[in-house]
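Here's the structure we're looking at; comments come further down.
The values are calculated or read from the model by the stated rules, or taken from the named source; none is laboratory data. It should be emphasised that the depicted structure is a prediction, and the values quoted were computed from it without experimental measurement. Because the Cβ atoms are built from the backbone with ideal geometry, glycine has one as well, and the counts that use them run over all protein chains shown. Surface areas here come from the heavy atoms of the whole protein model, side chains and all, with no ligands, DNA or RNA. Shrake-Rupley method; radii C 1.70, N 1.55, O 1.52, S 1.80 Å.
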Amino acid sequence: MTDLDYMRRAIVLAKQGLGWTNPNPLVGCVIVKNGEIVAEGYHEKIGGWHAERNAILHCKEDLSEATAYVTLEPCCHHGRTPPCSDLLIERGIKKVFIGSSDPNPLVAGRGASQLRQAGVEVVEGLLKDECDALNPIFFHYIQTKRPYVLMKYAMTADGKIATSTGESKWITGESARARVQQTRHQYSAIMVGVDTVLADNPMLNSRMPNVKQPVRIVCDSQLRTPLDCQLVQTAKEYRTVIATVSDDLQKIEQFRPPGVEVLVCKARNKRVDLQDLLQKLGDMQIDSLLLEGGSSLNFSALESGIVNRVHCYIAPKLVGGKQAKTPIGGEGIQQIDQAVKLKLKSTELIGEDILLDYEVL
């Protein structure tokens, strides 16, 4: 095996922590001695050992003169756990390959520097693009203190998210819907607008076994969410937040006994200011937000500039209808050069449906 092979193995390990490490990064580590893998580990969950410690502390062999392959620069500060750089040095690791640099101001080159000062050979940037691709959420959150936002929608081949009567179940097939459940596990929170609550009465939970449930957020400027809807009735089981601009204390108090958190935000055109909402969610350590809103909320999110990524599922169906809604509603733009620009990251066939994964430029 080559250096590239060992780092690819570390990337595979890192992905096993998907959904469990937020707001910490995904990290994998492989340790090699005399051409053999002697230890490996990954960051399994928030508050648990980091990848390097998981690898080293579960290894009984002498690691002096060994080489470590780590997808992210080792930490060098005390947080929930002690510094990984100290342990690498203590166990006599002679060389460390690093994939991604850590933008965390507490690390940001200091981890690599500490290793070099201790006589460890450090090689940075091995499979950097692949390692960077593990942590767009972490990189965004640690630098901005605001959630990374993924807008997801499913539409027919003629661009409709529902029929003219409002029916939308189901546009995509089972495989695509299962993928969405996985995405819900990977993101810290999921948000819809109150119109979606009124029309669909959704649960917004992940229906896969053994997963982390996202915080459920309703963007409801005037507190129109029904007290008997599923989101309110299950708020003690699944954390639920309503974002509003209403100062009606009587209405607000009605949501407290069922366990709903009401977050009063700044107003923008008499609606929730999404920039202010994101700042508040970031303060709550919510590092990522899956937007599954209707066309109006989607447009508002794009207009406010909070969207980082778009998942567009396209089903091989045609429904037509002038009144049938499209993914992005609202007032729209006036000129083509005002359009939100996207960069296609990948295309994937999932069952009979297509997933287009875009980065917002």
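Normalising the average separation of contacting C-alpha pairs (under 8 angstrom, six or more residues apart) by the number of residues puts the relative contact order of the chain at 16 percent. Residue separation of residue 239 and residue 279 scaled by 0.36 nm, minus their Cα-Cα distance, works out to 12.5 nm of gained length. Under the classification rounded if a/c is under 1.5, otherwise prolate if a/b is larger than b/c and oblate if not, where does the range 1-94 fall, given a ≥ b ≥ c as square roots of the Cα gyration tensor eigenvalues? Oblate. Cα centroid separation, the range 26-102 to the range 151-225: 38 Å.
Of the listed peptides 320-330, 231-241, what is their order by residue-averaged count of other C-beta atoms within 10 Å, with the highest listed first?
Numbers: 320-330: 14.6, 231-241: 18.3.
Ranked from most to least packed, the peptides come out as 231-241, 320-330.
Surface composition of the chain: carbon plus sulfur atoms contribute 49% of the solvent-accessible area (1.4 Å probe, protein chains only, all chains present).
Modelled label positions at residue 198 and residue 64, each set 7 Å beyond Cα in the direction of Cβ, lie 7.3 nm from each other.
Output the direction-averaged projected area (hull surface divided by four) of the convex hull of the alpha-carbon atoms of the range 93-157, in nm². Don't skip to the end; give the middle numbers.
Values: hull surface 25.1 nm².
Mean projected area for the range 93-157: 6.3 nm², to one decimal.
With a threshold of 19 Å on the Cα-Cα distance, the over-threshold entries among 45/128; 152/341; 280/341; 160/341; 280/345 are 45/128; 280/341; 160/341; 280/345. Over all directions, the projected convex hull of the C-alpha atoms in the range 189-307 averages 7.1 nm² in area.
Annotation: the antiparallel percentage among DSSP beta bridges lying fully within the range 3-137 is about 55. Size descriptors for the range 28-177 (Cα atoms only): Rg and Dmax, in that order, 20.7, 69 Å. Taking 41 Å as R0, compute the FRET efficiency from the Cβ-Cβ separation of residue 253 and residue 165 and round it to 0.05. With R0 = 41 Å, the Cβ-Cβ based efficiency is 0.65. Please label the shape of the range 299-361 as rounded, prolate or oblate, based on the square roots a ≥ b ≥ c of the eigenvalues of the alpha-carbon gyration tensor (a/c under 1.5 means rounded; beyond that, a/b larger than b/c means prolate, else oblate). Cα axes put the range 299-361 in the oblate bin. Simple spin-label model, 7 Å along Cα-to-Cβ: residue 338 to residue 12 in nm? According to this spin-label approximation, the distance is 5.0 nm.
Straight-distance candidates among the lysines for linking to residue 236, with alpha-carbon spacing under 20 Å and chain neighbours fewer than 8 residues away dropped: 212, 251.
Under 18 Å of direct C-alpha separation, and excluding same-chain neighbours fewer than eight residues apart, residue 317 reaches these aspartates and glutamates: 158, 167, 174, 348, 352, 353. At q = 0.08, 0.11 Å⁻¹ the log10 of I(q)/I(0) for the range 145-360 amounts to -0.27, -0.52, computed by Debye summation with a single uniform scatterer per C-alpha, solvent ignored. With 0.36 nm allotted per residue and the present C-alpha distance subtracted, the residue 269-residue 128 stretch has 46.5 nm of extension available.
Between residue 90 and residue 34, the simple label model (points 7 Å from Cα in the Cβ direction) yields a spacing of 2.5 nm.
Normalised by the number of residues in the range 1-80, what is the relative contact order in percent for Cα pairs under 8 Å and 6+ residues apart? Present the calculation step by step, with values, prior to reporting the outcome.
On the way: 145 pairs, mean separation 23.6, N = 80.
With pairs under 8 Å counted, the relative contact order is 29 percent.
Roll a 1.4 Å probe over the protein chains and send me the accessible area per residue for the chain in Å². Write down the numbers at each step before the final one.
Values: 17520 Å² over 361 residues.
Averaged over the residues of the chain, the accessible area is 49 Å².
So in the chain, what percent of DSSP beta bridges are antiparallel if you round to the nearest 5?
In the chain, DSSP labels about 40 percent of beta bridges as antiparallel.
Sorted into 10 angstrom bins from 0, the C-alpha pair distances of the chain split as 5, 22, 28, 22, 14, 7, 1, 0 percent.
Relative contact order for the range 33-96: 33 percent, from Cα pairs under 8 Å spaced at least 6 residues apart, divided by residue count. With springs connecting C-alpha atoms under 10 Å apart, model the chain as a Gaussian network and identify which of 60, 95, 212 has the largest mean-square fluctuation. Maximum among the listed residues: 60.
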